1. Using a Förster distance of 35 angstrom, determine the FRET efficiency expected from the C-beta separation of residue 39 and residue 86, and round it to 0.05.
2. In what sequence do 31, 49, 82, 91 fall when counting other Cβ within 10 Å, fewest first?
3. Output wanted: per-residue J couplings in Hz (rounded whole) for the stretch 37-47, from phi through Karplus 6.51 cos²θ - 1.76 cosθ + 1.60, θ = phi - 60°, x for Gly and Pro.
4. Can you bin every Cα-Cα distance in the stretch 25-99 into 5 Å intervals starting at zero and give me the percent of pairs per bin, rounded to whole numbers?
5. Whose amide H sits under 5 Å from the amide H of residue 64, counting only residues 5 or more places off or on another chain, with H placed in the peptide plane?
6. How about residue 47: which aspartates and glutamates have a C-alpha closer than 12 Å to its C-alpha, ignoring those fewer than 8 places off in the same chain?
7. Using a cut-off of 12 Å between alpha-carbon atoms, which aspartates and glutamates can reach residue 95, once sequence neighbours fewer than 8 places away in the same chain are excluded?
Amino acid sequence: MKKLKFATPLILAFTITWADAALAAMQTATLSVPGMYCAVCPITVKKALEKVPGVTRATASLEKKEAVVTYDDAKTSVNKLLDATFEAGYLAEVKGAKAK
Ligand SMILES: [Cu+2]
């Protein structure tokens, strides 16, 4: 599984510099998205997050008013995730981030 995730997207990074690639890791960030108020909101947020290059998985919960995003920190950052939700019309903030 891990090998599959790494193989395609990171080959270029590995080629350019090994050091950069070695620092790359899958991260999971939990974003608080208080502006979600109906059943469509989490879908909009999820789609916006999934469009960010480097994001491998995004889920959004109306109930919890949060989104959980798995991403490659060599390709994107929490700030870019927040930008993406903002562009979709939702202010978000980081609840927590951890290396996976
Ligand atoms: Cu809505």
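1. Computed FRET efficiency for residue 39 and residue 86 comes out at 0.95.
2. 91, 82, 31, 49
3. 10, 9, 5, 7, 3, x, 5, 4, 5, 4, 5
4. 3, 20, 34, 26, 12, 4, 1
5. none
6. 87
7. Here the aspartates and glutamates satisfying the reach criterion relative to residue 95 are 66.
None of the figures in this text is laboratory data; all of them are computed from the coordinates on show. Nothing here was measured: the structure is a model prediction, and the numbers come from that model. Glycine also receives a Cβ, built like all others from the backbone with ideal geometry; neighbour counts cover every protein chain displayed.
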